[in-house]
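Peer 1: Pasting a structure below so you can have a look.
The values are calculated or read from the model by the stated rules, or taken from the named source; none is laboratory data. All figures in this text were calculated on a predicted structure; none of them were measured in a lab. Backbone-built Cβ (ideal geometry, glycine too); neighbour counts: all protein chains shown. Accessible surface is based on the protein model in full, side chains and every heavy atom, while ligands, DNA and RNA are left aside. Shrake-Rupley method; radii C 1.70, N 1.55, O 1.52, S 1.80 Å.
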Amino acid sequence: MRRRVVITGMGVISPSGHSVEELFESQLEGRSGIGPITLFDASHFPTRFAAQVKEFDLARHVKDPSRWNDSGANSRFAAAAAQQALADADLLDNPQVDRTRCGVYLGSGEGIQDFHNLVSLVARSYQPNRREVDSVAFAQGGLTEFHARREFDQEPHTTPAHLAAYFDLQGPNYNCLTACAASSQAIGEAAELIRHGSADVMLSGGAHSMIHPLGLTGFNLLTALSTHNSDPTKASRPFDLQRDGFVLGEGAGMLVLEELGHAERRGAPIYGELTGYGTTADAFRVTESHPDGRGAIGCIRMALKDSGLNTSDIGYINAHGTSTQVNDKVETLAIKNVFGDVAYEVPVSSSKSMMGHLIAAAGAVELIITIMALRRAVLPPTANYEYPDPECDLDYVPNVPREKRIRHALSNSFGFGGQNISLIVSRFNN
């Protein structure tokens, strides 16, 4: 028998709250975390709003915040969420735990953006007569103006390295960056490490912020973002006929995954069991899902097979639900393909309708919301669902939460580049 994997700790920093409870209550109340961008001047962009993490102070979460002075928002969010999750699991300073059997697997995005230094140095090194940047002058300027630690912290793998060192997690250490599927993939792969005996405990999840000029520029050029500037709180409209793109968000979600016997021997709290993991690639286009939903279909089926469950066992689906025309239509198509007639009986909702799209961190935060729905027997709604789309005709739990006791739930994450991840979490049952 394969080793069972349970969740024993959770932590969140999000646009809708700085703890798991704050986030989930915000979701149930339908409160939006979306508003005008204040991190930089976005007045000349087609999209001028985002889901920012507000009033965040790392010193409220960790004892030594100075360690992250030269790190980006992704690492600072990750540190706070990891502190919550490890404290929740009683793993911060537990002498009974073998730290060499405790690892980190994140889906963390790129770190700090030294945008102003980079752009000013490019401008000073530019030669108008040749219409090119003097690379020698640029390099010389970089040696004096760029900050070594900040350059290092631009790399995505530095976030799990920071967490391992700070929390003394000496086991396997990985990071993957598969766009919007990253943290869900990290959780699935972390579970596999535990199942196969490579670790007993894995801190897993994701952290990301692309709310900066380069990130906003890229997504605007791809025409992927909503431009509903008149009322940002209404901009994220998953599955609604009038949806016009996703809303950029930021944050971190961390979960402690643990081998069941290990958790039981030390009396750890058990929030649920990770029973299914599916991963596929569309093998199609970078920014568009396959129109037949083949990657998403295969992914959901793989997760069901891995869990040993039938479609009739799934009581709730936390959708990827980005609020783009293509994603919502294809995800609906995939659910109907896999679930058949049962699809119309399974409630589906999108957390992004209120907290935006946290990119690499999205899947982990949404899995935490799914676990809370499982534990609290109440499903969060899809906000801003007003105009039904004939191509999106499932039960999207429109606008108000719904009480429902469920045993198994599915969480989907489908990323740019065609990476698809489905996770199934279940009520813990001996």
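Peer 1: Considering only the other residues whose Cβ falls under 12 Å of the Cβ of Cys299, what net charge follows from Lys and Arg at +1 and Asp and Glu at -1?
Peer 2: Once all neighbours under 12 Å are counted, the net charge is 0.
Peer 1: How far apart, in nm, are two points set 7 Å out from the Cα along the Cα-to-Cβ line at Phe40 and at Val400?
Peer 2: Rounded to a tenth, the inter-label distance reads 4.3 nm.
Peer 1: Tell me the trypsin sites (Lys or Arg not before Pro) within the stretch 116-217 that lie in a loop according to DSSP and have at most 16 other beta-carbon atoms within 10 Å.
Peer 2: Filter output for the stretch 116-217: Arg130, Arg131.
Peer 1: Nearest-5 percent of antiparallel DSSP beta bridges in the chain?
Peer 2: 70
Peer 1: Further question: Which residue, Pro390, Pro156, Pro232, tops the fluctuation ranking in a GNM of the chain built on C-alpha contacts under 10 Å?
Peer 2: Pro390
Peer 1: Taking θ as phi - 60°, what are the ³J(HN,Hα) couplings along the stretch 404-418 by the Karplus curve (6.51, -1.76, 1.60), each to the nearest whole Hz, with x for Gly and Pro?
Peer 2: Those phi angles translate into 6, 8, 10, 9, 9, 9, 10, 10, 9, 9, 10, x, 3, x, x Hz.
Peer 1: Just want to confirm a number: the relative contact order over the chain, from Cα pairs under 8 angstrom separated by 6+ residues, in percent. Kindly include the intermediate steps, with their values, before the conclusion.
Peer 2: Numbers: 1104 pairs, mean separation 101.0, N = 430.
Relative CO of the chain lands at 23 percent.
Peer 1: When only Cα pairs under 8 Å and 6 or more residues apart are kept, what is the percent relative contact order across the stretch 305-415? Could you put the intermediate results ahead of the total?
Peer 2: Numbers: 170 pairs, mean separation 42.1, N = 111.
Relative CO of the stretch 305-415 lands at 38 percent.
Peer 1: Additional query: Which value in deg cm²/dmol, rounded to the nearest 500, describes the helix-derived mean residue ellipticity at 222 nm for the chain, given -39,500 (n - 2.57) per DSSP H run of n ≥ 4 and division by the residue count? Provide the component values of the computation, followed by the final result.
Peer 2: On the way: 13 runs with 140 residues, N = 430.
After summing the helix terms and dividing by the residues of the chain, the value is -10000 deg cm²/dmol.
Peer 1: Give me the 1.4 Å probe accessible area per residue for the chain, excluding ligands and nucleic acids, in Å².
Peer 2: Heavy-atom SASA per residue in the chain reads 39 Å².
Peer 1: May I pose another question? Would you mind telling me the share, in percent, of accessible area of the stretch 12-110 contributed by carbon and sulfur at probe 1.4 angstrom?
Peer 2: 47
Peer 1: Grab the Cα-Cα distance for Ala139 and Glu288, subtract it from 0.36 nm times how many residues apart they are, and report the gain in nm with one decimal.
Peer 2: Residue separation times 0.36 nm, minus the Cα-Cα distance, leaves 49.9 nm.
Peer 1: A further question follows. In nanometres, what is the gap between the two model label sites at Val342 and Gln242, each 7 Å from Cα along Cα-to-Cβ?
Peer 2: If labels sit at Val342 and Gln242, their model points lie 3.6 nm apart.
Peer 1: For the stretch 25-96 and the stretch 268-305, write down the distance between their C-alpha centroids in whole Å.
Peer 2: 27
Peer 1: Test of the criteria: in the stretch 39-100, which trypsin sites (Lys or Arg not before Pro) are in a DSSP loop and have at most 14 other Cβ atoms within 10 angstrom of their Cβ?
Peer 2: Lys54, Lys63
Peer 1: Let me check I've understood the local charge: for Asp70, count other residues with C-beta under 11 angstrom from its C-beta, Lys and Arg +1, Asp and Glu -1. What total comes out?
Peer 2: Net charge around Asp70: +1.
Peer 1: Another one. What is the set of long-range amide H partners of Thr275 at a cut-off below 5 Å, with H atoms built 1.01 Å from backbone N?
Peer 2: Ile424, Val425, Ser426
Peer 1: Right, something else. Where does the charge balance sit around Ser411 when Lys and Arg score +1, Asp and Glu -1, over other residues with C-beta under 13 Å from its C-beta?
Peer 2: On the way: positive: Lys352; negative: Glu331, Glu366.
Residues near Ser411 contribute -1 overall.
Peer 1: Between the stretch 109-181 and the stretch 317-341, how far is it from one alpha carbon centroid to the other, in angstrom?
Peer 2: Going from one Cα centre to the other spans 36 Å.
Peer 1: What residue among Ala377, Ala82, Ala190 shows peak mean-square fluctuation when the chain is described by a Gaussian network model with Cα springs under 10 Å?
Peer 2: Maximum among the listed residues: Ala377.
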